[in-house]
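All remarks here apply to the structure that follows.
The values are calculated or read from the model by the stated rules, or taken from the named source; none is laboratory data. All figures in this text were calculated on a predicted structure; none of them were measured in a lab. All Cβ positions, even for glycine, are placed from backbone atoms using ideal geometry, and neighbour counts span all protein chains on display.
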């Protein structure tokens with residue numbers, strides 16, 4: 001798993017005043033240059049005057065803030081009711097970390113992984129009020145996840161990639177998926193069930209939202225998990241359906257429905273293996289050949305269905321199928337980065353399989369980063385799908401239940417993600433209601 005790191009943010013009196021006067025639950029501090037992935041949590045301990053930890057927060061490495069300086073953006077700031085001496089915590093760690101931590105407490109900066117783990121253990125004992133925020137980064141939780149069987153972790157990794165892809169396309173912060181965990185002694189059912197921060201809603205509400213989505217009637221007859229993600233513009237409803245236990249699943253498919261354009265796309269994930277320092281995907285592949293045949297039959301059945309001939313129904317291509325070929329994905333719930341693979345349209349993949357560009361020196365054929373001249377990366381794929389440029393037209397979308405049926409019957413998990421624009425009218429109605437309630441509360445009767 002990716003190493004969640006810690007950072008001591010030492011504020012002088014002037015910066016402490018600025019921190020205390022902030023308008024919201026965010027703060028930015030220029031700090032010496034440091035390296036840490038933006039996709040992995042950074043636990044910030046805010047140390048104010050007298051060396052006391054007064055707050056903790058989640059940090060993210062920002063833009064340059066001057067020569068050899070980097071902006072550290074801190075959010076989700078939690079105020080400790082009883083400030084804690086950072087030096088006291090450091091003194092309670094092992095002799096191998098103690099002097100290092102005492103120096104860091106004084107000067108601030110990124111904390112080495114092992115020393116951070118020790119500091120966090122002691123800190124949580126002294127400040128149990130911080131447990132709801134920090135337990136998800138504890139050694140016990142990491143060990144619990146690492147002891148999951150390989151087959152279960154493999155399935156969870158595929159589901160996580162599909163969910164994060166949907167969040168990325170919808171423009172919703174992938175950090176919503178941080179904090180994945182499961183109860184000790186229980187067996188994970190799906191990736192969605194372990195996400196702690198999503199907005200949960202009753203099944204009846206989800207049914208109402210998805211009643212007109214093709215394929216939903218089929219999904220509700222099988223075992224599924226559901227979650228709702230939102231920002232101020234978009235609601236993403238994600239359902240994860242599978243008819244087999246996690247350890248028996250053969251893979252994951254993402255079915256993404258852009259309701260604004262009544263447009264379906266589907267992504268199937270294929271794993272590249274490392275050969276002589278290069279990642280390759282060997283073809284022909286019997287399983288892929290069978291899956292392509294099923295996709296072709298669906299494309300054929302859709303080919304004669306005309307669009308509604310309006311601007312929202314315009315597509316550059318009406319083909320809904322993409323294959324994402326990427327290095328093997330490990331289950332790392334503390335990293336919300338997407339795998340750096342290649343999204344390849346189905347028809348292009350079929351051409352690639354017979355093109356001499358993938359011929360190897362010894363006669364074998366393999367697709368790699370070095371011999372494929374065109375593909376969509378995560379950014380490019382998001383752009384064409386978000387704008388409804390690629391995928392089924394409105395009339396085609398209404399008859400795509402067979403896609404989901406094929407996925408479930410062939411032992412894969414179906415991640416159905418439905419992106420719905422939140423109308424401004426609804427937002428205004430909610431605001432009016434809140435203002436009205438406020439006025440009524442102030443009336444003297």
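Observations on the structure shown:
- Filtered residue count, region 375-385, keeping only those that are surrounded by 17 or more Cβ atoms within 10 Å (Cβ to Cβ) and out of contact with any strand residue (DSSP E or B) (no Cβ under 6 Å at 6 or more places or on another chain): 2
- Residue within region 61-78 that is assigned to a helix (DSSP H, G or I), in contact (Cβ under 8 Å) with a residue 40 or more places away in the chain, outside the structural domain of residue 167 (by TED's automatic domain parsing) and under 30 Å from residue 168 (Cβ atoms) present: no
- Qualifying strands (runs of 3 or more DSSP E) (wholly inside region 142-260; at least 1 residues being closer than 16 Å to residue 329 by Cα and at pLDDT below 90): 252-258
- For region 358-374, filtered to residues that are in a loop (DSSP other than H, G, I, E, B) and touching a helix residue (DSSP H, G or I) at 6+ places or on another chain (Cβ under 8 Å), the residue that is surrounded by the fewest Cβ atoms within 10 Å (Cβ to Cβ) is 373.
- Any chance residue 329 is more than 29 Å from the chain's Cα centre (by Cα) and closer than 25 Å to residue 170 by Cβ: no
- Of all residues in region 324-357, those that are under 30 Å from residue 41 (Cβ atoms) and in a loop (DSSP other than H, G, I, E, B) total 14.
- Yes/no for residue 48 being under 20 Å from residue 103 (Cα atoms) and more than 25 Å from the chain's Cα centre (by Cα): yes
- Of all positions in region 272-284, at least one carries a residue that is touching a helix residue (DSSP H, G or I) at 6+ places or on another chain (Cβ under 9 Å), at pLDDT below 90 and either surrounded by 20 or more Cβ atoms within 10 Å (Cβ to Cβ) or part of a loop (DSSP other than H, G, I, E, B) (or both).
- Note on region 295-316: residues that are surrounded by fewer than 13 Cβ atoms within 10 Å (Cβ to Cβ) and in contact with a strand residue (DSSP E or B) (Cβ under 9 Å, 6 or more places away or on another chain) amount to 1.
- Taken together, the residues in region 92-113 that are loosely packed, with under 14 Cβ neighbours inside 10 Å and more than 23 Å from residue 29 (Cβ to Cβ) amount to 4.
- Residues being in contact (Cβ under 8 Å) with a residue 60 or more places away in the chain, in a helix (DSSP H, G or I) and not assigned by TED's automatic domain parsing to the domain that holds residue 334 are represented in region 82-89 by at least one member.
- Residue among 134, 192 that is within 30 Å of residue 228 (Cα to Cα), surrounded by fewer than 22 Cβ atoms within 10 Å (Cβ to Cβ) and assigned by TED's automatic domain parsing to the domain that holds residue 29: 134
- In region 317-338, the residues that are touching a strand residue (DSSP E or B) at 6+ places or on another chain (Cβ under 7 Å) and surrounded by 17 or more Cβ atoms within 10 Å (Cβ to Cβ): 319, 320, 321, 322, 323, 324, 325, 326
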